[in-house]
Structure formats: structure tokens, C-alpha cells
Amino acid sequence: MTVGEICTRNVVVAPKTEAIVDAAKRMRTSHVGDLVVIENRNGRHFPIGIVTDRDIVVSAVAGDPEHIMYLLVSDVMSDDLVTAREQDSIETALRKMEEHGVRRLPIVDADGMLVGILTLDDILQYLTGQQSELVALVAREQRRERQYRV
């Protein structure tokens, strides 16, 4: 299974020049905890950073509240972006997340264009589904054993 198969393809994005207050409002209305900061090249989105709800709270609200109306996404975003390629395995992506201490990975194609985002929640949902299938297999096997060994 690849990250391209389980990632969210509808990514909520922001330009680095957007006001942080507007970005926070978009997070709220889109029900997301992050925005991938993009650079637009020939109509294609290339990720250059990420801003999370925590970045906004720690850097803007708690760090510089009197200037919050003037802060831009570029002022609080993380620009040491860690990405994964859509053909990477889930295990590879999980190792990257652990190694870099992040819970979200923008997913890019071979050209580096944004195609999705993978969150820790996505991985947990996938793994939970796999475990459920294993439990069902064991239960089915036990029923079959009881049926034929009575």
C-alpha cells in the first residue's frame, strides 16, 4: 500500500502572503488543523511550507498578539518541509514522520507538485482497518473449526 492510495487528495492550501487571521478562518471553515503553503508555478501548486493551528497559537497568539492582524502565513509557517512521494510506502512515510517529529506530510508527485496530504490519522485509520480484517479472519476460522469439529 502506498501513501498515494490513502492520502487526502483535497488539500487546503494557502499562499505565504496570506494574512494569518484569514488562514486561521479557512482552517476553521474547512475543519482542518493545517494548511499547506504553496507556490503557484504555471497553475500548479508546489509545497514550500506548512502552517498548523499550533503554529498560529504558539507563534502568533501567544508570541505576538498585538501584531496578529499584520502577521502573514510566512511569519509563522514551518519552511523545513518534509514531504513524501505518492509511491512511497506507508512504512516509509511513518518513519519520516517519526524521524522529523511531524504528524502531517504533504504528498508530491515525481515533479514535486502537491497531490495530497497524509496525516497520522490517515495512517491510524488504515492500520485499524487492517487489524479489523485480521480479527474477522480469526473469528471466521474459529467458527469454521467449531462447525466441523463438533
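Among the residues examined, G116 qualifies as surrounded by 19 or more Cβ atoms within 10 Å (Cβ to Cβ) and more than 21 Å from V58 (Cβ to Cβ).
Evaluated against (1) without any contact (Cβ under 8 Å) to a residue 24 or more places away in the chain; (2) under 21 Å from T83 (Cβ atoms), V61 falls short on exactly one condition, (2). Within segment 59-77, can one find any residue that is out of contact with any Asp or Glu (no Cβ under 7 Å at 6 or more places or on another chain), closer than 22 Å to M1 by Cβ, surrounded by fewer than 18 Cβ atoms within 10 Å (Cβ to Cβ) and among the hydroxyl-bearing types (S, T, Y)? No, every residue in segment 59-77 fails to be out of contact with any Asp or Glu (no Cβ under 7 Å at 6 or more places or on another chain), closer than 22 Å to M1 by Cβ, surrounded by fewer than 18 Cβ atoms within 10 Å (Cβ to Cβ) and among the hydroxyl-bearing types (S, T, Y).
A single member of R54, R28, R85, R44 is within 22 Å of D121 (Cα to Cα) and at pLDDT below 95, and it is R54.
Does at least one position in segment 126-146 carry a residue that is surrounded by 12 or more Cβ atoms within 10 Å (Cβ to Cβ) and hydroxyl-bearing (S, T, Y)? The answer is yes; a qualifying residue exists.
Of the residues making up segment 11-31, those that are in contact with a helix residue (DSSP H, G or I) (Cβ under 8 Å, 6 or more places away or on another chain) and either in contact (Cβ under 8 Å) with a residue 60 or more places away in the chain or part of a loop (DSSP other than H, G, I, E, B) (or both) are V12, K16, T17, E18. With the structure loaded, tell me whether L71 is touching a helix residue (DSSP H, G or I) at 6+ places or on another chain (Cβ under 7 Å), in contact (Cβ under 8 Å) with a residue 40 or more places away in the chain and closer than 16 Å to A14 by Cβ or whether it fails that test. Yes; evaluated as a whole, the condition is true for this residue.
The values are calculated or read from the model by the stated rules, or taken from the named source; none is laboratory data. None of the values given here were measured: they were computed from a predicted structure. Heads up, the Cβs are rebuilt from the backbone with ideal geometry, glycines too, and the neighbour counts pull from every protein chain shown.
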